[in-house]
Amino acid sequence: MERKIPDFAGTWKMKSSENFEELLKALETLSIRTFTSVRTTHWETDSKISCEQTLQKGEGPKTAWTREITNDGELILTMSADDVVCTRVYVRE
């Protein structure tokens, strides 16, 4: 059986957002920067990509994110900082 790789490419419009302000407060920042030298990215399932991030200095909250395309074609972005979880849902334009 052939595995189909999900198509994350394209333009996506945000449909909903939950707990984003709380996530920014937990991160104590107004911008999020990630560098490939400090994170590991791996495929978890046929429709999901995720990563856990560790700061170079080892300070701050443990952060992670997951992107998943549902059977309905929505893109679900889940971001976390320690116990704070933010979920954003996007639809393809």
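Going by the structure shown, is residue 17 among the hydroxyl-bearing types (Ser, Thr, Tyr), under 14 Å from the mean Cα position of the chain (by Cα) and at pLDDT 80 or above?
So residue 17 fits the description; yes.
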| said: What pairs come out if I take residues in the range 1-13 that are among the small types (Gly, Ala, Ser) and pair them with residues that are surrounded by 10 or more Cβ atoms within 10 Å (Cβ to Cβ) and at pLDDT 75 or above whose C-beta lies under 9 Å away, six or more apart or interchain? | reply: 10/92
| request: Might you let me know whether the range 38-50 holds any residue that is more than 14 Å from the chain's Cα centre (by Cα), modelled with pLDDT of 70 or more and exposed (fewer than 11 other Cβ atoms within 10 Å of the Cβ)? | output: no
| said: For the range 51-93, which positions are at pLDDT below 80 and closer than 15 Å to residue 7 by Cα? | reply: none
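The values are calculated or read from the model by the stated rules, or taken from the named source; none is laboratory data. Keep in mind it's a predicted model, so treat the numbers as computed, not measured. Using ideal geometry, Cβ is built from the backbone for each residue, glycine included, and neighbour counts are taken over all protein chains shown.
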